[in-house]
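Working notes, structure below.
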Amino acid sequence: MKKILVPTDFSPGSAGAIRVAVRMARDIGAKLGVVHAWQVPALAFGSEPFSMAPELLQTMSDDAKRGLDGAVEEAKLQGADASGIMLNGIPWSRLVEVAEGDPEIELIVMGTHGRTGLKRVLLGSVAEKVVRHAPCSVLITRGDGEPAPFTNILVPIDFSTSAQVAIDQAVRLIRPGGAGITLLHVIEAPVAINGEVFDLAFMREVDQASTAALDECAARLKKRVDAPVTTRLRIGYAGGQILTVLADDPVFDLVVMGSHGRTGIKRALLGSVAEKVVRHAPCPVMIARERT
């Protein structure tokens with residue numbers, strides 16, 4: 001990766017994301033762009049007596065610039081080749097525009113203001129839109145952000161092209177000598193085939209074919225990483241099974257998965273599995289995309 005973007009709104013969540021981004025940029029020798037989007041408050045366009053004084057707007061803008069400069073300086077002190085990017089406009093839209101305009105940007109790292117009281121039924125609106133519309137991979141951190149290297153990565157795969165992109169990203173991110181990469185495939189069994197309920201013989205055939213494909217994928221991966229590679233096969237709804245694995249085995253510190261977002265409408269919707277995992281996973285999640 002040549003460049004990583006990390007947006008900040010000066011909240012604890014974005015500060016944690018910066019720490020993660022700094023560690024990643026430093027480890028792989030990438031440049032780091034710390035981004036803040038300054039959006040003029042709606043009140044600024046109101047009429048008297050409800051409009052904001054120009055002096056107040058300037059003060060707010062100056063405060064944002066100082067905050068950005070401080071974040072950049074802190075990133076530099078931690079060893080990153082960092083620079084600041086001050087934007088004007090709707091945060092998620094401007095961030096996506098910057099990423100689209102620079103083909104060297106391969107990753108966006110950001111925190112989320114997910115509503116934890118509802119188990120992250122909704123992501124923070126900025127994070128959600130960036131995940132959906134970004135032309136590159138997006139890593140969503142949790143809480144204050146843990147800057148330690150990733151050592152135990154779960155990669156759900158369905159043997160598609162997007163799953164291979166996720167595997168490639170996991171190879172780049174896993175710490176050599178770490179606990180390893182786990183490839184997870186979930187068999188989503190149909191309720192019926194041609195109007196008839198499937199039988200055990202059919203499920204055995206699916207299980208055998210999936211196991212063979214999973215083992216072949218793992219064998220190729222073992223030649224690429226200096227870390228153990230293991231496999232898991234489960235039956236059920238993919239999103240639910242991935243979250244169950246994470247709940248049962250909390251040692252995973254990252255999930256990397258592809259997205260079947262609807263590119264025809266600029267990913268207005270993520271694939272349902274990816275969207276569910278991003279919203280509910282207890283650890284950071286990367287939605288891996290080839291740079292477009």
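Just a few scattered comments:
- Subset of region 233-256 (residues that are in a helix (DSSP H, G or I) and open to solvent by 40 Å² or more (accessible area, probe 1.4 Å)): THR244, ALA247, ASP248
- Pick from region 16-48, criterion among the small types (Gly, Ala, Ser) and modelled with pLDDT of 90 or more, ranking: surrounded by the most Cβ atoms within 10 Å (Cβ to Cβ): ALA21
- ILE105 vs. criteria within 19 Å of VAL20 (Cα to Cα) and modelled with pLDDT of 95 or more: yes
- Residues within region 9-25 that are closer than 11 Å to GLY67 by Cβ and over 14 Å from the mean Cα position of the chain (by Cα), tallied: 4
- Elements of type strands (runs of 3 or more DSSP E) contained in region 127-187, each with 3 or more residues being over 20 Å from ALA219 (Cβ atoms) and open to solvent by less than 10 Å² (accessible area, probe 1.4 Å): 137-140
- Qualifying residue in region 281-290 (condition: among the basic types (Lys, Arg), modelled with pLDDT under 85 and in a loop (DSSP other than H, G, I, E, B)): no
- Scanning region 203-232 for residues that are in contact (Cβ under 8 Å) with a residue 40 or more places away in the chain, open to solvent by 60 Å² or more (accessible area, probe 1.4 Å) and either of a type outside the set (S, T, N, Q) or in contact with a helix residue (DSSP H, G or I) (Cβ under 7 Å, 6 or more places away or on another chain) (or both) yields ARG224, ASP226, PRO228, ARG232.
- Cβ-Cβ under 7 Å pairs, at least 6 apart or on other chains, region 73-94 side in a loop (DSSP other than H, G, I, E, B), far side open to solvent by less than 60 Å² (accessible area, probe 1.4 Å): GLN78/VAL22; ALA80/VAL22; ALA80/ALA25; ALA80/LEU32; GLY89/ALA37
The values are calculated or read from the model by the stated rules, or taken from the named source; none is laboratory data. Everything numeric in this text was worked out from a predicted model, so none of it was measured. Cβ atoms come from the backbone with ideal geometry, glycine included; neighbour counts cover every protein chain shown. The area values use the complete protein model at the heavy-atom level, side chains included, leaving out ligands, DNA and RNA. Shrake-Rupley method; radii C 1.70, N 1.55, O 1.52, S 1.80 Å.
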